[in-house]
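A.B. asks: One structure, as structure tokens, below. Some questions next.
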Amino acid sequence: MSDAVQTPQTFPTRIFSGIQPSGGLTLGNYLGALKRFVEKQDEGIETIYCLVDMHAITVWQDPEKLRQQTREAAAGFIAAGIDPARSILFNQSQVTAHVELAWIFNCIARMGWMSRMTQWKDKTAGKDAEAASLGLFAYPSLMAADILAYKATHVPVGEDQKQHLELCRDIAIKFNNDYKVNFFPVVEPVIEGAATRVMSLRDGTKKMSKSDPSDQSRINLTDDADTISKKIRKAKTDMDPLPDNVAGLKDRPEARNLVNIYAALAGHTAAQVVQDYAGAQFGTFKPALADLAVAKLSPITSEMSRLMKDPAEIDRIIGEGAARADAIARPIVDQVYDIIGMIRSRQV
Ligand code: TYM
């Protein structure tokens, strides 16, 4: 084997994560992912962030909108604090190592593993699963390739991606076992903070999502101050005042969600927030949350729209990121070809 056997601990810490440009970015993406991506970058860890356009096309995307949303997501990353000089920021389709490795992983992963993915089940529930794209079914294998093409060790995500990361671990372990190597790290999901699962503003039992038909259910990173404020003031809640401890939020999904959002935006814990607002009515808490959300999000929104005025510059930034990403992933995927017995004699 071309790669010496390593113990998992010998893999240097490297962070990888991705966001689908399949719609606008939401507060869920910001608190569950983006904000934490920036924190990891600022801790000085090597960080690679990807706009996963190949994942987005597992469901229909209008080509012009996809281009627009990819640029908008890139602008969102930069506006939120990702520095393209310190982090690698790029779109997936510009680095072909991802899809090459995904095919190999399609041959490692088992049908049964994919069938058990709850996101696959949710996305096809009540619909004709036969009509879903093959790409949607194989999606977690591409996600594993995204991560392992860089031998990334840590993956910051929201709660909803946990099962996909477990599958990534299974793929790495099976590959290492099948080929008797210790080539891929077994990744650590990094799911931390007060807002790993931001819920819909209309229904505290549903995840806030860019694909929810109701725009009132989410805050978009492109919403202006007035819209953010209105959406929070109109958010569904119960009639009770806030409790003085987090246990009191049990069975109050909407109240818990607003407290968690406040905590994540303020950089506090939910416990601190309920202590500060113990006994407060939503008539007091919601305006405070609206003001905080506007204060934190408005600078990002305005920076995003400034950046969006120069799409060529965004394309240049993600193109440069893609070249840097390729320089890391190419040799890793070339080693994989060698490990699995592919002849690579073409002269370039
Ligand atoms: P995606 O595009 O749905 O979401 C991007 C990130 O945002 C998080 N997120 C949330 N966090 C908290 N509350 C919410 N309501 C919420 N909604 C979204 C997600 O957990 C995610 O971290 N499969 C991934 C994209 C992906 C990826 C990867 C991620 C592709 N390859 C490799 C990590 C590593 C997805 O669809 O995320």
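A.B. asks: Got at least one residue in the stretch 190-203 being more than 25 Å from Gly18 (Cα to Cα) and at pLDDT 95 or above?
C.D. replies: Let us first name the residues in the stretch 190-203 that are more than 25 Å from Gly18 (Cα to Cα), namely 202-203.
From the residues that got through so far, the ones that are at pLDDT 95 or above too are 202-203.
Checked against the condition, which is being more than 25 Å from Gly18 (Cα to Cα) and at pLDDT 95 or above, the stretch 190-203 yields at least one hit.
A.B. asks: Going by the conditions given, is Pro84 free of Cβ contacts under 8 Å to residues at least 60 places away in the same chain and surrounded by fewer than 24 Cβ atoms within 10 Å (Cβ to Cβ)?
C.D. replies: Values: free of Cβ contacts under 8 Å to residues at least 60 places away in the same chain: no; surrounded by fewer than 24 Cβ atoms within 10 Å (Cβ to Cβ): yes.
Spelling it out, it is not the case that Pro84 is free of Cβ contacts under 8 Å to residues at least 60 places away in the same chain and surrounded by fewer than 24 Cβ atoms within 10 Å (Cβ to Cβ).
A.B. asks: Further question: Of the conditions (1) within 14 Å of the ligand (Cβ to nearest atom); (2) within 16 Å of the chain's Cα centre (by Cα), Ala97 fails just one. Which one is it?
C.D. replies: For Ala97, the failing item is (2).
A.B. asks: Here's a follow-up. Taking the stretch 185-211, which residues are acidic (Asp, Glu) and more than 30 Å from Arg169 (Cα to Cα)? Explain how you work it out, then say what you get.
C.D. replies: First, pick out the residues of the stretch 185-211 that are acidic (Asp, Glu): 188, 192, 203.
The answer is Asp203, and nothing else.
A.B. asks: With respect to Leu265, is the statement that it is surrounded by 16 or more Cβ atoms within 10 Å (Cβ to Cβ) and touching a residue at least 24 places away in the same chain (Cβ under 8 Å) true?
C.D. replies: Values: surrounded by 16 or more Cβ atoms within 10 Å (Cβ to Cβ): yes; touching a residue at least 24 places away in the same chain (Cβ under 8 Å): yes.
Against the criterion (surrounded by 16 or more Cβ atoms within 10 Å (Cβ to Cβ) and touching a residue at least 24 places away in the same chain (Cβ under 8 Å)), Leu265 qualifies.
A.B. asks: Now for a different question. Residues being closer than 13 Å to His98 by Cα and of a type in the set (Lys, Arg): count how many of those fall in the stretch 311-348.
C.D. replies: Selection size over the stretch 311-348: 1.
A.B. asks: Kindly list, by first and then second residue, each pair from a residue in the stretch 202-222 that is open to solvent by 80 Å² or more (accessible area, probe 1.4 Å) to a residue that is modelled with pLDDT of 95 or more and within 9 Å of the ligand (Cβ to nearest atom), limited to pairs with Cβ atoms under 6 Å and residues at least 6 apart or on different chains.
C.D. replies: Lys206/Ser200
A.B. asks: A follow-up question, please. Would you mind finding the one in Gly44, Gly32, Gly18 that is part of a loop (DSSP other than H, G, I, E, B) and either free of Cβ contacts under 8 Å to residues at least 60 places away in the same chain or within 11 Å of the ligand (Cβ to nearest atom) (or both)? If you could, list the steps in order and put the result at the bottom.
C.D. replies: Working: Gly32 fails: part of a loop (DSSP other than H, G, I, E, B); Gly18 fails: part of a loop (DSSP other than H, G, I, E, B).
The match here is Gly44.
A.B. asks: Okay, moving on. Is it true that Leu242 is open to solvent by less than 40 Å² (accessible area, probe 1.4 Å), assigned to a helix (DSSP H, G or I) and not basic (Lys, Arg)? Can you show your working first?
C.D. replies: Details: open to solvent by less than 40 Å² (accessible area, probe 1.4 Å): yes; assigned to a helix (DSSP H, G or I): no; not basic (Lys, Arg): yes.
No, not satisfied.
A.B. asks: Looking only at helices (runs of 4 or more DSSP H) that fall completely inside the stretch 118-179, which ones have 1 or more residues that are modelled with pLDDT of 95 or more and within 12 Å of the ligand (Cβ to nearest atom)? Working first, answer last.
C.D. replies: Numbers: elements: 118-124, 134-148, 162-178.
Hits in the stretch 118-179: 134-148, 162-178.
A.B. asks: Any residue in the stretch 90-117 that's assigned to a loop (DSSP other than H, G, I, E, B): show its pairings with residues that are open to solvent by 10 Å² or more (accessible area, probe 1.4 Å) and among the small types (Gly, Ala, Ser) at Cβ separation under 9 Å, as long as the two are six or more apart or on different chains.
C.D. replies: Val95/Ala323; Ala109/Ala138
A.B. asks: Right, next: Has the stretch 49-72 got any residue that is touching a residue at least 12 places away in the same chain (Cβ under 8 Å), in a helix (DSSP H, G or I), more than 15 Å from the ligand (Cβ to nearest atom) and over 25 Å from Asp315 (Cβ atoms)?
C.D. replies: Going residue by residue through the stretch 49-72, those that are touching a residue at least 12 places away in the same chain (Cβ under 8 Å) are 49-59, 61, 66, 69-72.
Filter once more, keeping what is in a helix (DSSP H, G or I): 53-56, 66, 69-72.
Applying the additional criterion that residues be more than 15 Å from the ligand (Cβ to nearest atom) yields 71.
In the following step, the residues that additionally are over 25 Å from Asp315 (Cβ atoms) were identified as none.
No, the conditions are met nowhere in the stretch 49-72.
A.B. asks: Tell me, yes or no, whether the stretch 272-282 has at least one residue that is under 27 Å from the mean Cα position of the chain (by Cα) and open to solvent by 30 Å² or more (accessible area, probe 1.4 Å). Can you show your working first?
C.D. replies: Initial filter on the stretch 272-282 (under 27 Å from the mean Cα position of the chain (by Cα)): 272-273.
The next check asks that each one be open to solvent by 30 Å² or more (accessible area, probe 1.4 Å); those that pass are 272.
Checked against the condition, which is being under 27 Å from the mean Cα position of the chain (by Cα) and open to solvent by 30 Å² or more (accessible area, probe 1.4 Å), the stretch 272-282 yields at least one hit.
A.B. asks: Between Trp120, Trp113, Trp103, which is under 18 Å from Gln161 (Cβ atoms), in the same structural domain as Glu320 (by TED's automatic domain parsing) and either more than 17 Å from the chain's Cα centre (by Cα) or open to solvent by less than 20 Å² (accessible area, probe 1.4 Å) (or both)?
C.D. replies: Working: Trp120 fails: either more than 17 Å from the chain's Cα centre (by Cα) or open to solvent by less than 20 Å² (accessible area, probe 1.4 Å) (or both); Trp103 fails: under 18 Å from Gln161 (Cβ atoms).
From the options Trp120, Trp113, Trp103, the qualifying one is Trp113.
The values are calculated or read from the model by the stated rules, or taken from the named source; none is laboratory data. None of these values were measured; they are calculated from a predicted model. Please note: Cβ atoms are built from the backbone with ideal geometry, for glycine as well, and neighbour counts cover all protein chains shown. Note: areas computed on protein heavy atoms with side chains; ligands, DNA, RNA excluded. Shrake-Rupley method; radii C 1.70, N 1.55, O 1.52, S 1.80 Å.
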